[in-house]
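Everything on this sheet refers to the single structure shown next.
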Amino acid sequence: MKVKILFIKSILGLCLLFFVSHAALASAVEPDANGVYRPIIIINGEKQELLGVVPPSGSTLVPFRAFFKALNIEPQFDNNSKTLTAKSDETTITLTAGKRIATVNGENVALLQSPVISEDQHLYVNLRFIAEAFGGNVDFDKRTLTISIDFAVK
C-alpha cells in the first residue's frame with residue numbers, strides 16, 4: 001500500500017513539474033532572429049527602442065547614444081581616446097572603452113562591466129551604472145527580461 005501511494009505521489013509530482021516548467025517556458029522571452037535574448041527597457045513608464053544585449057557578465061549593455069537620447073542628455077565621445085563624457089545639471093560621468101574604472105563627478109568608480117565597442121563600432125555601456133549615476137531607480141524582472149528605470153520627477 002505504501003509503495004502504491006509513493007508511486008501515485010511521484011506521478012503527480014512529475015505531472016506538476018511538467019506543467020509548471022511548460023508554463024514558465026511559454027511565458028519566457030523569445031530570442032531575436034539571431035538567437036540573442038534582448039531585454040525590454042522601460043524608462044519612466046515608456047518602452048524604449050533600445051537594442052540592449054546581455055553578455056556573459058550578466059550586465060545589460062546598451063548603445064550609449066540611444067540611451068542618452070532617451071534621457072535627453074547630449075554625450076560627447078572622443079574617438080581618439082574612446083572616452084565618453086555625459087553631463088546633466090548635477091552629474092558628470094566619464095567612461096572609456098575597455099576600462100573598468102569610470103568617474104562620477106570626479107570620483108573613481110569601479111565598473112562590473114567595462115564599456116565595449118562592437119564590431120560595427122558602436123560603444124555599448126552598462127545600463128544600470130548609467131541609470132543609477134543619473135539618479136534612476138532600476139528594477140529587473142528576470143522572467144520577462146524587463147528592465148524598468150524610473151527617474152525622480154524634479
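Before moving on, here are some points about what is shown:
- Unique residue being in contact with a helix residue (DSSP H, G or I) (Cβ under 6 Å, 6 or more places away or on another chain) and of a type in the set (Val, Ile, Thr) when the list is Ile101, Ile130, Ile43: Ile43
- The criterion of being hydrophobic (A, V, I, L, M, F, W, C) and open to solvent by 40 Å² or more (accessible area, probe 1.4 Å) holds for Val109.
The values are calculated or read from the model by the stated rules, or taken from the named source; none is laboratory data. Keep in mind the model is a prediction, meaning the values are calculated, not measured. Ideal geometry is used to build each Cβ from the backbone, glycine not excepted, and the neighbour counts take in all protein chains shown. Heads up: the accessible areas ignore ligands, DNA and RNA and are worked out on the full protein's heavy atoms, side chains in. Shrake-Rupley method; radii C 1.70, N 1.55, O 1.52, S 1.80 Å.
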